[in-house]
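The values are calculated or read from the model by the stated rules, or taken from the named source; none is laboratory data. None of these values were measured; they are calculated from a predicted model. FYI the Cβ positions are ideal-geometry reconstructions off the backbone, even for glycines, and counts take in every protein chain you see. Protein only, heavy atoms only, side chains kept; ligands, DNA and RNA dropped before computing areas. Shrake-Rupley method; radii C 1.70, N 1.55, O 1.52, S 1.80 Å.
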Amino acid sequence: PKLKNKGWWGKVWVGDGDSAEVIQLGSPWRLKTIYRTNIQTSYMAGRYKEQIDNLENRPNWEYVAVMDRRTRPSHAQLNGLIFPYDDPFWDAFYPPNGWGCRCRVRALSDENIQERHLGIDSSNGHLSEEMRLVSSKTGEMKPVTVYTDPLTGHKISPDVGWSYNPGKKFEIE
């Protein structure tokens with residue numbers, strides 16, 4: 001009943017006149033996706049707080065994608081990029097970066113960087129904003145943050161509606 005009251009479940013008439021039809025709102029698959037996404041978003045907000053609390057020891061953050069056959073190409077392109085915790089990159093690209101995103105952030109110390117011979121990147125001059133289509137039915141557009149890879153020139157962005165850091169957005173205390 002709660003899902004029906006919120007418009008997430010049940011049969012409804014869509015359209016008008018002769019083109020109206022009954023459609024089923026919601027599905028077990030959709031609800032599972034929403035649930036998993038809410039869990040992942042909450043988990044990442046908590047990780048963000050833990051990482052902020054440990055900045056003195058681990059001020060460098062690495063983007064980590066799962067790197068299996070289900071990983072989106074754009075998320076795979078971000079895998080291994082390391083930015084300081086306060087780089088503007090993390091304001092828009094701290095995971096999750098879309099529905100079903102399984103990426104995470106690994107906090108690294110300066111010693112980790114030196115021992116592994118890693119480089120620290122900067123998003124300075126590589127972030128921009130573009131308008132992206134939300135719905136082909138309505139033509140609605142929304143802004144997304146875009147990172148342009150300085151080596152390849154590829155433009156990478158979170159899914160529409162995901163250009164934010166869940167930990168910063170809700171300021172966990």
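Restricting attention to the stretch 90-102, the residues being surrounded by 17 or more Cβ atoms within 10 Å (Cβ to Cβ), assigned to a loop (DSSP other than H, G, I, E, B) and small (Gly, Ala, Ser) number 1.
With the requirement that a residue be of a type in the set (Gly, Ala, Ser) and in a loop (DSSP other than H, G, I, E, B), what does the stretch 110-130 give you? Matches in the stretch 110-130: Gly119, Ser122, Ser123, Gly125. For Gly139, the conditions (1) touching a residue at least 60 places away in the same chain (Cβ under 8 Å); (2) within 30 Å of Gly15 (Cα to Cα); (3) of a type in the set (Gly, Ala, Ser) all hold with the exception of (1).
Which residues, taken from the stretch 14-31, are assigned to a strand (DSSP E or B) and surrounded by fewer than 10 Cβ atoms within 10 Å (Cβ to Cβ)?
Correct list: Glu21, Val22, Gln24.
From the list Pro95, Pro166, the lone residue that is touching a strand residue (DSSP E or B) at 6+ places or on another chain (Cβ under 8 Å) and either under 24 Å from Tyr48 (Cα atoms) or at pLDDT 95 or above (or both) is Pro95. Between residues in the stretch 50-62 that are without any contact (Cβ under 8 Å) to a residue 60 or more places away in the chain and residues that are in a strand (DSSP E or B) and open to solvent by 30 Å² or more (accessible area, probe 1.4 Å), which pairs lie under 9 Å by C-beta distance while being six or more apart or on different chains? Short answer, once both residue conditions are applied: Arg58/Arg106; Pro59/Pro84; Trp61/Pro84; Trp61/Arg106; Glu62/Arg106. Name the one entry in Tyr35, Tyr63 that is exposed (fewer than 13 other Cβ atoms within 10 Å of the Cβ) and hydroxyl-bearing (Ser, Thr, Tyr). Being exposed (fewer than 13 other Cβ atoms within 10 Å of the Cβ) and hydroxyl-bearing (Ser, Thr, Tyr) holds for just one of Tyr35, Tyr63, which is Tyr35.
Check Asp87, Asp68 and return the single one that is exposed (fewer than 14 other Cβ atoms within 10 Å of the Cβ) and at pLDDT 95 or above.
Unique residue meeting the criteria: Asp68.
Considering the stretch 135-157 alone, what residues qualify as being within 20 Å of Thr71 (Cα to Cα), out of contact with any His (no Cβ under 9 Å at 6 or more places or on another chain) and either small (Gly, Ala, Ser) or part of a loop (DSSP other than H, G, I, E, B) (or both)? Within the stretch 135-157, Thr152, His154, Ser157 meet the criteria. The single condition among (1) within 23 Å of Ser123 (Cβ to Cβ); (2) part of a helix (DSSP H, G or I); (3) touching a strand residue (DSSP E or B) at 6+ places or on another chain (Cβ under 8 Å); (4) not polar (S, T, N, Q) that Lys49 does not satisfy is (3).
Taken over the stretch 158-171, the criterion of being open to solvent by less than 70 Å² (accessible area, probe 1.4 Å) and outside any helix (DSSP H, G or I) is satisfied by Pro158, Asp159, Val160, Gly161, Trp162, Ser163, Tyr164, Asn165. Among the listed residues Ser109, Ser122, identify the single one that is within 21 Å of the chain's Cα centre (by Cα), under 24 Å from Lys49 (Cα atoms), at pLDDT 95 or above and hydroxyl-bearing (Ser, Thr, Tyr). Residue meeting the stated conditions: Ser122.
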